[in-house]
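Enquirer: Here's a structure for you.
Derivation of every value follows stated rules applied to the coordinates shown; laboratory data play no part. Keep in mind that this is a model prediction, so the values were computed, not measured. With ideal geometry, Cβ positions are generated from the backbone for all residues, glycine too; neighbour counts draw on all protein chains shown.
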Amino acid sequence: MSPICCAACSGARRRPPACPRKTKQSVKETIRDSVQRVIVLPREPIAEINPFLHGHFAEHLGEMVYPGVWVGEDSPIPNVNGVRSDVVAALTPLEIPILRWPGGCFADDYHWRDGIGPISARPLRINTHWGMAEETNHFGTHEFMAFCRALGAEPYFAGNVGSGTPSELRYWIEYCNFAGHSTLANERRANGADDPFNIRYWGIGNENWGCGGQMSPEEYGALFARFRSFAFSYGGTKTEAIACGPNGHDWA
């Protein structure tokens, strides 16, 4: 005779049906066994998070640069060499690890030589991407470097691929980073920077699937390789060339 496990099974002459009490118990055990547990060990390090993941971005867009950062030395707004003191004070606590400039869409229509030399002699251009506004070029390479140093941020320059040339980017890197004597390095010295800027990070274009040239992945890939070939390293500063990323799965 089959054993009787509970009142529901009593009186059965053949093998009793599944005991309700045991069925409920087995369901509970199944649920218990299927529960996934996550144990968090907040004090156990896994890997270092690259601080550059928290980088920031500055573009000549609206009033971000004029007068958001740059007001000029003669402005009644407190400044240090034209850079707003209140903005530096507000941003310094953020400990910005890296700052990208000059864009954005603006980068692929920016020509770096417009933004060096005496401010009064710099050309007045049109900001074609942002409202056809006047671009005075008063905030250029040296001014951006002063801003980064005030914030303690690593500079990251975005090169012009959309309307620029490999030689234009190559000369910009030499101007910034070459410690020896060349026409460009001596021009940097004449503009107030005896020591090289030692800029490591250079973007090869910006949003080249759209405002940076409406390029296909194949077209941009070929241009990246060409521009990268002339993005030389100088001295102990290794040039880290950065490709622009996709806008969607179409660039996979």
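Enquirer: For region 51-251, just list the percent of Cα-Cα distances falling in each 5 Å bin from zero outward, please.
Expert: Bins of 5 Å from zero give 1, 7, 15, 19, 21, 18, 11, 5, 1, 0, 0 percent of pairs.
Enquirer: As a test of the definition: which semi-axes, in Å, follow for region 186-252 when you take the square root of five times each eigenvalue of its alpha carbon gyration tensor? Largest first, please.
Expert: After scaling each eigenvalue by five and taking roots: 30, 12, 10 Å.
Enquirer: Rank-order 108-114, 180-186, 123-129 by packing density, defined as the average count of other C-beta atoms within 10 Å over each peptide's residues, highest first.
Expert: Most protected by this proxy first, the peptides run 108-114, 123-129, 180-186.
Enquirer: Something else about it: Under a plain spin-label model, where a point goes 7 Å from the Cα along Cα-to-Cβ, how far apart in nm are residue 233 and residue 190?
Expert: 3.1 nm
Enquirer: Between region 119-194 and region 43-118, how far is it from one alpha carbon centroid to the other, in angstrom?
Expert: 13 Å
Enquirer: While we're on this one: What's the magnitude of the charge dipole for region 51-251 around its Cα centre, counting Lys and Arg as +1 and Asp and Glu as -1 at the beta-carbon? Answer in Debye, nearest 20.
Expert: Here the size comes out at about 500 debye.
Enquirer: Please give the FRET efficiency for residue 219 paired with residue 95, using the beta carbon to beta carbon distance and R0 = 41 Å, rounded to the nearest 0.05.
Expert: Result of the calculation: an efficiency of 0.60.
Enquirer: I would also like to ask the following. Between residue 125 and residue 47, how high is the FRET efficiency from 1/(1 + (r/R0)^6) when r is the Cβ-Cβ distance and R₀ = 51 Å? Nearest 0.05.
Expert: After rounding to 0.05, the efficiency reads 0.70.
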